[in-house]
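Accompanying notes for the structure given below.
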Amino acid sequence: MAKKHSGYHTDWWGGKHKPFIPSDRREAKKKAVKKRREESVTNEVYLGLIGGTCGRYWWGVGHWASEGSPCGVEFDPVKVMDRDEQYGDIVGFYHTHPHMTANPSSIDYMTMGAWTVCFGKPLVCLIKGSNGLKAHWFIDDETEHVTGWVRRFGNIFIGRIPGPIRKEMKNE
């Protein structure tokens, strides 16, 4: 069985001492440990997506960033409503699941169902979770969501619209 290292070194004369680390390296190490601790308890992040469609593809740019708690995030729905009423270019929402997979939660189902009924059009719900970024399309509050692919380039998201969603968009 391997002996656990105590952090002390033994000199040639048998004396034990902690290894010398210059103070700037010590401070850098403390900061790195603190940063890792802070990153392990991350909060959910939200972005509203303003964008459009082009054939089989959609694009969106994140706006109205907000940060919530580790298991929830809030945003200003009035800004989103006003934007869609004025321009009709809300394509969906992005948020994170810091400690979960990128699958919709029960709250996501309720929220996206309400927004699709409110706007009268399909919307994408982008979720970044422990298993990556996924695009979930919602048609209304009763139909099962459809998953599609998405890529992120900074604050810009581009993806392919799944077939059932394209058909629904043509029927509008």
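Could you look through segment 124-138, keep only residues that are under 23 Å from Met169 (Cβ atoms) and surrounded by fewer than 22 Cβ atoms within 10 Å (Cβ to Cβ), and pick out the one that is farthest from the chain's Cα centre (by Cα)? Let's see the steps before the verdict.
In the first step, residues of segment 124-138 are kept if they are under 23 Å from Met169 (Cβ atoms); the result is 124-127, 133-138.
Then keep just the ones that are surrounded by fewer than 22 Cβ atoms within 10 Å (Cβ to Cβ); that gives 133-134.
Numbers: Leu133: 7, Lys134: 9 Å.
So the residue we want is Lys134.
Looking at the structure I just gave you, is Lys128 in a strand (DSSP E or B) and farther than 16 Å from Trp59 by Cα?
On the way: in a strand (DSSP E or B): yes; farther than 16 Å from Trp59 by Cα: yes.
Here the answer is yes, as Lys128 does meet what is asked.
What is the one condition in (1) in a strand (DSSP E or B); (2) in contact with a Ser or Thr (Cβ under 7 Å, 6 or more places away or on another chain) that Arg152 does not satisfy?
That leaves (2) as the condition not met.
Considering segment 85-114 alone, what residues qualify as being in a helix (DSSP H, G or I) and crowded, with 22+ Cβ neighbours inside 10 Å? Outline the logic, then answer.
Keep residues of segment 85-114 that are in a helix (DSSP H, G or I), which gives 85-87, 106-114.
Correct list: Met112 only.
Does any residue in segment 31-50 that is loosely packed, with under 12 Cβ neighbours inside 10 Å come within less than 9 Å, Cβ to Cβ, of a residue that is at pLDDT below 80 and not in a strand (DSSP E or B) six or more places away or on a different chain, and which pairs are these?
Listed by first residue and then by second, the contacts come to Val41/Pro70.
Looking at (1) out of contact with any strand residue (DSSP E or B) (no Cβ under 7 Å at 6 or more places or on another chain); (2) over 16 Å from Val45 (Cα atoms); (3) free of Cβ contacts under 8 Å to residues at least 60 places away in the same chain, which is the only condition Arg166 fails?
(3)
Hey, can you tell me all the residues within segment 71-84 that are loosely packed, with under 13 Cβ neighbours inside 10 Å and outside any helix (DSSP H, G or I)?
Gly72, Glu74, Asp76
Just the residues that are touching a residue at least 24 places away in the same chain (Cβ under 8 Å) and aromatic (Phe, Trp, Tyr), please, taken from segment 122-163.
Trp137, Phe138, Phe157
Does Tyr87 qualify as being at pLDDT 90 or above and over 13 Å from the mean Cα position of the chain (by Cα)? Walk me through it before giving the result.
Numbers: at pLDDT 90 or above: yes; over 13 Å from the mean Cα position of the chain (by Cα): yes.
Considered against the rule, which asks whether it is at pLDDT 90 or above and over 13 Å from the mean Cα position of the chain (by Cα), Tyr87 comes out as yes.
The values are calculated or read from the model by the stated rules, or taken from the named source; none is laboratory data. Keep in mind that what you see is a predicted model, and the values were worked out from it rather than measured. Virtual Cβ from ideal backbone geometry, glycine too; neighbours counted across all protein chains shown.
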